Amino acid sequence: MTVPHPGGQLLLSAVDLRKSYGSTPALNGATLHIRPGEIVAVMGASGSGKSTLLHCLAGIIRPDGGEVRYRDRQLGAMSDSERSALRRSDFGFVFQFGQLVPELTCLENVALPLRLNGSRRRDAESRAMEWLTRLQVADVAGKRPGEVSGGQGQRVAVARALATEPRVVFADEPTGALDSLNGEQVMRLLTEAARHTGAAVVLVTHEARVAAYADREVLVRDGHVRETLLADR
């Protein structure tokens, strides 16, 4: 069965999503609802469609069928520029390998989305430094990504994702390239910071220890979404 419509206000919803790559279906009627401030772990085996679901929710790819609504606006009805603006302002992203810009310092990386949104350099870097401090990596502000450890780089990536204070953070296997100790630290800091700002988090993972940080877990299997656990938190 699909995930039921939850009570209370909805922030982001996917209804009956369908997406295929050639003759291979990735999503086959997937439905998922996200409430404000909720942390949802999306689990599933490799190839189950969980990353495709995340990319549809974020407006990165268009589904073949069904719809995604954010704050009661249909993403499919937006222009490419409108969706791009939404991803700069309301959405934040953390990827498995951080995807920091190697030519920029860590401080400049965190300030980048603020600069793209029109903030002056001094203001953007001041705010970026606050986030680096909150994520406990202020000491690497002047270093480039290639000069820091994997755990430090991923915390910089989390700071970048949260610097614009988005309403939704999409985290795709954010600890997949880290050892267990660094992974735990990144997840603790990510979830604490998200709860501080009130951001919802859509967390794609295949690891139970990572999913344990979520309020709720769903399982993607054969392109469908199934509720697996409601955490009592």
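Any read-out appearing in this document is the output of simple, stated calculations on the displayed coordinates, not a laboratory observation. None of the values given here were measured: they were computed from a predicted structure. Neighbour counts are summed over all protein chains in view; Cβ atoms, including those assigned to glycine, are modelled from backbone coordinates with ideal geometry.
Overall size of the range 1-148 from C-alpha positions, given as principal axis extents largest first: 49, 31, 29 Å.
How much length is gained on full extension from residue 97 to residue 82, taking 0.36 nm per residue of separation minus their Cα-Cα distance?
Taking 0.36 nm per residue and subtracting the Cα distance, the gain is 2.7 nm.
Across 94, 15, 202, mean-square fluctuation computed from a Gaussian network of the chain (C-alpha pairs under 10 Å connected) peaks at 15. A Gaussian network model of the chain, with springs between Cα atoms under 10 Å, assigns the largest mean-square fluctuation among 81, 48, 180 to 81.
Test of understanding: ordering 33, 196 by Cβ neighbours within 10 Å, fewest first, what list do you get?
Fewest to most other Cβ atoms nearby, the residues stand as 196, 33.
Sequence-ordered 3J(HN,Hα) estimates for the range 163-169 from the Karplus curve with 6.51, -1.76 and 1.60 and θ = phi - 60° stand at 4, 7, 6, x, 7, 9, 10 Hz, glycine and proline given as x. Residues whose amide H comes within less than 5 Å of that of residue 169, counting only those at least five positions distant or on another chain, are 92, 200, 201, 202 (H built at 1.01 Å from N in the peptide plane). Per-residue Cβ neighbour counts within 10 Å put 73, 155, 122 in the sequence 122, 73, 155, beginning with the fewest.
Sorting the Cα pairs of the range 152-233 by distance into bins of 5 Å, from 0 upward, gives 3, 13, 27, 25, 18, 11, 3, 0 percent per bin.
Of the complete DSSP H runs in the chain, none spans 15 angstrom or more by Cα along the long axis with a mean Kyte-Doolittle score not below 1.6. Only DSSP H runs of four or more residues enter the estimate; each adds -39500 (n - 2.57), and after division by the residues of the chain the mean residue ellipticity at 222 nm equals -10000 deg cm²/dmol.
Histogrammed with a bin width of 5 Å, the alpha carbon distances of the range 102-165 distribute as 4, 23, 35, 24, 11, 2, 0 percent, first bin at zero. Put simply, the amide H of residue 221, placed in the peptide plane, has neighbours under 5 Å in 226, leaving out anything fewer than 5 places away on its chain.
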